[in-house]
1. Take B:91, A:91 and order them by how many other Cβ atoms sit within 10 Å, fewest up front.
2. When the Cα centres of the range A:56-116 and the range B:44-72 are compared, how far apart do they sit, in Å?
3. With every atom except the alpha carbons ignored, what do you get for Rg and Dmax of the range B:1-73, in angstroms?
4. Two decimals is fine: what is log10 I(q)/I(0) at q = 0.16, 0.18, 0.22 Å⁻¹ for the range A:37-92, from a Debye sum with one equal scatterer on every Cα and no solvent?
5. If I build a Gaussian network model for chain B, linking alpha-carbon pairs within less than 10 angstrom, which residue out of B:50, B:27, B:98 has the largest mean-square fluctuation?
6. I need the P(r) histogram for the protein assembly as shown: all alpha carbon pairs, bin width 5 Å from 0 out to the longest distance, whole percents.
7. For chain A, report the convex hull volume of the alpha-carbon atoms normalised per residue, in Å³, without decimals.
8. Lysine pairs in the protein assembly as shown with Cα distance under 25 Å, only those 8 or more apart or on different chains: how many are there?
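Derivation of every value follows stated rules applied to the coordinates shown; laboratory data play no part. Only a predicted model underlies this, so the values are computations on that prediction, with no experimental measurement involved. Backbone-built Cβ (ideal geometry, glycine too); neighbour counts: all protein chains shown.
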Amino acid sequence: NAGVTQTPKFQVLKTGQSMTLQCAQDMNHNSMYWYRQDPGMGLRLIYYSASEGTTDKGEVPNGYNVSRLNKREFSLRLESAAPSQTSVYFCASSASAGTGGSDTQYFGPGTRLTVL
Amino acid sequence: AQSVTQPDIHITVSEGASLELRCNYSYGATPYLFWYVQSPGQGLQLLLKYFSGDTLVQGIKGFEAEFKRSQSSFNLRKPSVHWSDAAEYFCAVAGGSYIPTFGRGTSLIVHP
């Protein structure tokens, strides 16, 4: 049981380049999330998807786009990378939306992105 | 709106000593509360969560946390710390929205 997987694990980009971070879960979860983690800032929500076919902005969506490709996969795209997007990116999933917040989130191992 | 504060950025303890990590939350009704642990280079893993019932919650790896409504707190405790407990610990709160808000984290350093 792989849980939540993310690719790539590491990436270095130049300013202005684009890339897509991939995330997949095999737990049949409905909800998926993208976070970024910066020193001293904790985790900040970029985008989330409550269910297949829906996506919504989180706290820090500027400069990012997402696609919920199917129930298993949720990708994050940087169209024109900037140094401020240097961060560790985590994908997470949880069983279902609308249950009042008690669901556990399951996290992937993260992607460490550097933008030069 | 919901928010969570972890007052301590770093905590240093000796192996075998007791541990308490502080967490204060803000939410108008009874919240859902979580503690997650992040080992170096890894994703977050759930330690324990509170959503109703007994205010003392037992988790994995010998951790426990106590929900105190009067103090808006959900502090994490462990009676005897092991070197492998060195990690980053995150408190999170979820209320009317199912999406949790995370604190900034507390880094635990364990001295031999």
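1. Values: B:91 30, A:91 27.
Placing the least packed residue first, the sequence is A:91, B:91.
2. Using only Cα atoms, the two centres lie 26 Å from each other.
3. 13.1, 39
4. Taken in order of the listed q values, log10 I(q)/I(0) reads -0.50, -0.62, -0.90.
5. In the Gaussian network model the winner is B:98.
6. Spelled out bin by bin, the protein assembly as shown gives 1, 7, 15, 18, 19, 16, 12, 8, 3, 1, 0 percent.
7. 96 Å³
8. Working: A:9/A:57; A:9/A:71; A:57/A:71; B:49/B:61; B:49/B:68; B:49/B:78; B:61/B:78; B:68/B:78.
Step by step, the pairs that qualify in the protein assembly as shown add up to 8.
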